[in-house]
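Note sheet for the following structure.
The values are calculated or read from the model by the stated rules, or taken from the named source; none is laboratory data. Keep in mind that this is a model prediction, so the values were computed, not measured. Positions of Cβ are backbone-derived with ideal geometry, glycine not excepted, and every protein chain shown enters the neighbour counts.
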Ligand code: ADP
Ligand code: ZN
């Protein structure tokens, strides 16, 4: 059977999604590849199908919590799939290991830590045709989820010189792509990069004024539909979830402070459509399998454009229209910076990467530029996707192109800018934004009256 026939027989699909076939062919020919496909692009099939054609495939993934689901999905396609990681019960570990030893296993998921223990090399090496590294952006500190143990993966992969390597991720800028190639030791890899744009998502970004009220407005636009609300802290999550509940919205909180049972329940209810809204920290959603999520709200600014692409990407995986709203405040960026630095001093290159991430997501949130095009540009992809000229009316799927963002007439904008500059100048750069704003609005405060500037504030 060829790849198409197996796709049809085992998965019931008639055609490949973009780049799946190329990735599978590279793997079967023993060539390395870098596969960047957006959420919902069908990455798992790229390494599962080679396993179905005979030979052992190893999948390294940092998301232990999802492995059970992935193993179950692979078994549904008739694959002899198992997992090995620290969270398994002894009996499960034994079964996985026995399958491996007896040569029955076709697909083995491992955590990086488990692989790096080193005891599996000998048993895997003779049969291994493909070593797939999922969430490959984790090797790069330019990416959004650096994991130090990923840096040691080449050391592990070097034990399988005959197996092809496949690095997969949903989001990688060119710098991250280069880093993945280098860090995972990809040998003249096939570079397979899908277009990151998700045309069915409607993006909106607003300055945050009243968090709860603004979130509620979005939720109210989607009565009875599935939605995810992301907030920065557990406290925000609790407050927003309680507020929504009080307004009669079917909703639950989700964060790392809840018990495993409470989290499982919330996730289960949401996936099975017994619950409309999950209010969560970013602890929620990795690989969440509900395709009809109609909106994703960020009540706080995400940590990077990559995070935003990944989190907002959980909306509309069924291809139908869905809304992604972001409520921006500069103070969120300060919080991200503080959290990133509170435990340890960052090495200079990590610090530079962090500052760039914060600048980029801030720009996304405030620039009066088509948001689809900004996201595509961030991942160095052309927009529109075919590289042709932009439509007069823009993308038709963001607040800027839909004409929803307020803009001042040109003369008024120039005058306002002049006033702001002049106020900042008069404050001699000694004071912060808040002071200059008060000065312009003629709002008195102690420091101003002390400086004698109130009377002639513009
Ligand atoms: P990703 O990991 O890239 O987000 P998944 O591997 O979870 O994507 O696949 C997303 C969805 O697309 C899944 O429901 C999967 O079964 C489906 N899918 C994968 N390949 C195909 C295909 N060739 N045709 C139709 N559906 C597909
Ligand atoms: Zn647009």
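A few points about this structure:
- Any hit, the stretch 375-396, residues being in a helix (DSSP H, G or I), within 19 Å of the chain's Cα centre (by Cα), within 15 Å of residue 200 (Cα to Cα) and within 14 Å of ligand 2 (Cβ to nearest atom): yes
- Scanning the stretch 209-231 for residues that are crowded, with 20+ Cβ neighbours inside 10 Å and either modelled with pLDDT under 95 or part of a loop (DSSP other than H, G, I, E, B) (or both) turns up just one, 231.
- Of the criteria (1) over 20 Å from residue 195 (Cβ atoms); (2) modelled with pLDDT of 70 or more; (3) within 16 Å of ligand 2 (Cβ to nearest atom), which one residue 425 fails: (3)
- Qualifying residue in the stretch 270-287 (condition: in a loop (DSSP other than H, G, I, E, B) and closer than 24 Å to residue 398 by Cβ): yes
- When the stretch 121-144 is filtered for residues that are crowded, with 20+ Cβ neighbours inside 10 Å and part of a loop (DSSP other than H, G, I, E, B), the ones remaining, listed by number, are 134, 135, 140, 141, 142, 143, 144.
- Criterion violated by residue 396 - all others in (1) loosely packed, with under 15 Cβ neighbours inside 10 Å; (2) within 16 Å of ligand 1 (Cβ to nearest atom) satisfied: (2)
- Residues that are in a helix (DSSP H, G or I) and surrounded by fewer than 20 Cβ atoms within 10 Å (Cβ to Cβ) do occur in the stretch 75-83, at least one of them.
- So residue 71, is it away from ligand 2 (no atom under 16 Å from the Cβ) and either under 23 Å from residue 187 (Cβ atoms) or in contact with a helix residue (DSSP H, G or I) (Cβ under 6 Å, 6 or more places away or on another chain) (or both): no
Let's see how each residue does on (1) within 19 Å of residue 360 (Cβ to Cβ); (2) touching a helix residue (DSSP H, G or I) at 6+ places or on another chain (Cβ under 6 Å); (3) touching a residue at least 12 places away in the same chain (Cβ under 8 Å):
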| position | (1), (2), (3) |
| --- | --- |
| 141 | yes, yes, yes |
| 146 | yes, no, yes |
| 149 | no, yes, yes |
| 155 | no, no, yes |
| 160 | no, no, yes |
| 168 | no, yes, yes |
| 177 | yes, no, yes |
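- Applying the criterion of being closer than 19 Å to residue 26 by Cβ and touching a helix residue (DSSP H, G or I) at 6+ places or on another chain (Cβ under 6 Å) to the residues of the stretch 190-200, the residue that is farthest from ligand 1 (Cβ to nearest atom) is 190.
- Flag if residue 54 is at pLDDT below 95 and under 24 Å from the mean Cα position of the chain (by Cα): no
- Members of the stretch 222-250 found to be over 22 Å from residue 307 (Cβ atoms) and in contact with a strand residue (DSSP E or B) (Cβ under 7 Å, 6 or more places away or on another chain), listed by number: 222, 225, 244, 245, 249, 250
- Screening the candidates 349, 323, 311 for the property of being modelled with pLDDT under 95, under 30 Å from residue 400 (Cα atoms) and not in a loop (DSSP other than H, G, I, E, B) yields one hit, 311.
- Residue 205, sole failed condition from (1) within 16 Å of ligand 1 (Cβ to nearest atom); (2) over 15 Å from residue 134 (Cα atoms): (1)
- Within the option set 174, 189, 196, being surrounded by fewer than 23 Cβ atoms within 10 Å (Cβ to Cβ), under 21 Å from the mean Cα position of the chain (by Cα) and either closer than 30 Å to residue 60 by Cβ or at pLDDT below 95 (or both) holds for one residue only, 174.
- Taken together, the residues in the stretch 376-395 that are over 20 Å from residue 192 (Cβ atoms) and in contact with a strand residue (DSSP E or B) (Cβ under 9 Å, 6 or more places away or on another chain) amount to 1.
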